[in-house]
1. Fewest to most neighbouring Cβ within 10 Å: what's the order for Ile331, Ile55?
2. Among DSSP bridges having both ends in the chain, what percentage is antiparallel? Round to the nearest 5.
3. Report ³J(HN,Hα) in whole Hz for each residue of region 39-52, in order, from the Karplus equation J = 6.51 cos²θ - 1.76 cosθ + 1.60 where θ = phi - 60°; Gly and Pro get x.
4. Would you list Asp5, Asp108 from fewest to most Cβ contacts within 10 Å?
5. Students often forget the sequence filter, so: which aspartates and glutamates lie under 16 Å Cα-Cα from Lys306 once same-chain residues fewer than 8 apart are removed?
6. For the pair Met319/Leu31, report the inter-label distance in nm, with labels modelled 7 Å from Cα in the Cβ direction.
7. Rank the residues Lys235, Lys350 as a footprinting-exposure proxy: fewest other Cβ atoms within 10 Å of their Cβ go first.
8. Given H placed on each backbone N at 1.01 Å, which residues far from Gly333 in sequence or on other chains put an amide H within less than 5 Å of it?
Amino acid sequence: MSRIDVHAARRALHRIPELGFQEYETQAYLLSLLNGLPMEHLSIATWRTGIIVHIRGSEPTARIGYRCDIDGLPIREETGCDFASTHDGMMHACGHDVHMAIALGLVDHFAHVQPKDDLVVVFQPAEEGPGGAQPMLASTAFQAVRPEKIFALHVQPDLPVGEIGIRPGILFANTSELFIDLVGQGGHAAYPHRANDMVVAGAHLVTALQSIVARNVDPLDAAVITIGRLESGTKQNIIAGKARLEGTIRTLAAATMPRIKQRIEALVAGIGEMFGCATEIDYGANYYQVFNDEELTQSFMDFVSKRDLAVVREVPAAMTGEDFGYFLKEIPGFLFWLGASTPYGLHHEKMLPDERCIDTALRVLIPYFSERGYR
Ligand SMILES: CC(=O)N[C@@H](CCC[C@H](N)C(=O)O)C(=O)O
């Protein structure tokens, strides 16, 4: 019987990163492996560029979900590894190649060893944006096999292989993307008084935005505003008539997000007044916090520790975002960090998880699902 080599699959997937909702090659590759498995108790459905695998249990008392994400990032890879991205300017720099390999390992195992309960393994597109979880959750394909509990993981560069990090309650922040356009009047560099310089306006705005977290948010309530991209101008002696800021807002408390947005709107309106320019704000994709079901999380931590399957660390909440939060808003479950021992952080062009973490994840998850540890 054919088995999936999860390490080879991870390397193959690492070579072909694709952006959200464009994961066509990824989907085709995943399907080529999944379709080679014994099909006696397996059904495979697709949803856009995602895949939903339903594994029927032998004595089902519940339907349990496991979700991985499948998209890459617009980053030019600099790992120098021999299975580096072949897609120019794109990279699996957030570990989704590893996440997919683990999900493949689960399907492979349970295709050969039928689980007692039904399992639904979800390969979800567009986690990095614009957000695949919400529409996938609402889709007929997902609702047809909707699980009663759902689980996921994310690689964590800072934790060594063999460790997992988790906490009951909030683990990841609420997020909102942020896009701001400033439109003024360009002109000759030597005649600033006849133009309306959007480089200066953009620079003022980036600086002004820093005051929101510093001065409008309770210091005991964590929040972040990061501007990751600032684009303006075309040439050194031309005054720029446009500027675009792209960033993200993160808050641990859901109620802080609208307050920050109000302040951003006030500051952007102020910049419009100050520089006499038109302004536009777009909040792009918003992700709901990842809130781990407290009872399920605690019992998972005990399950893993008692069987010595991995070292379990209770970690603080992080300001990362994950649209898996939308699954957890509707279906109880949890997400945990999987130690991946790499010196470079998530979204870094040299980030390369130690792939032995795939074995840790399978060592933890296979008994958890087989023995119905979630009951
Ligand atoms: C785990 C991780 O790195 N997730 C991403 C999620 C992206 C959210 C959204 N596109 C945004 O930028 O706000 C993260 O950046 O935390």
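1. Ile331, Ile55
2. Values: 46 of 68 bridges.
Restricted to the chain, the bridges split so that about 70 percent are antiparallel.
3. Residue by residue, region 39-52 yields 9, 3, 10, 10, 10, 10, 10, 10, 9, 6, 8, x, 9, 10 Hz.
4. Working: Asp5 15, Asp108 22.
With the sparsest Cβ surroundings first, the list reads Asp5, Asp108.
5. Within the straight-line limit of under 16 Å, Lys306 reaches these aspartates and glutamates: Glu163, Glu314, Glu371.
6. My value for the distance between the label points is 4.1 nm.
7. Working: Lys235 8, Lys350 16.
Least to most surrounded, the residues fall as Lys235, Lys350.
8. Here Ile150, Asp293 satisfy the definition.
Any read-out appearing in this document is the output of simple, stated calculations on the displayed coordinates, not a laboratory observation. Note that the coordinates shown come from a computational prediction; the quantities given were computed from them, not determined experimentally. Note: ideal-geometry Cβ built from the backbone for every residue, glycine included; neighbour counts use all protein chains shown.
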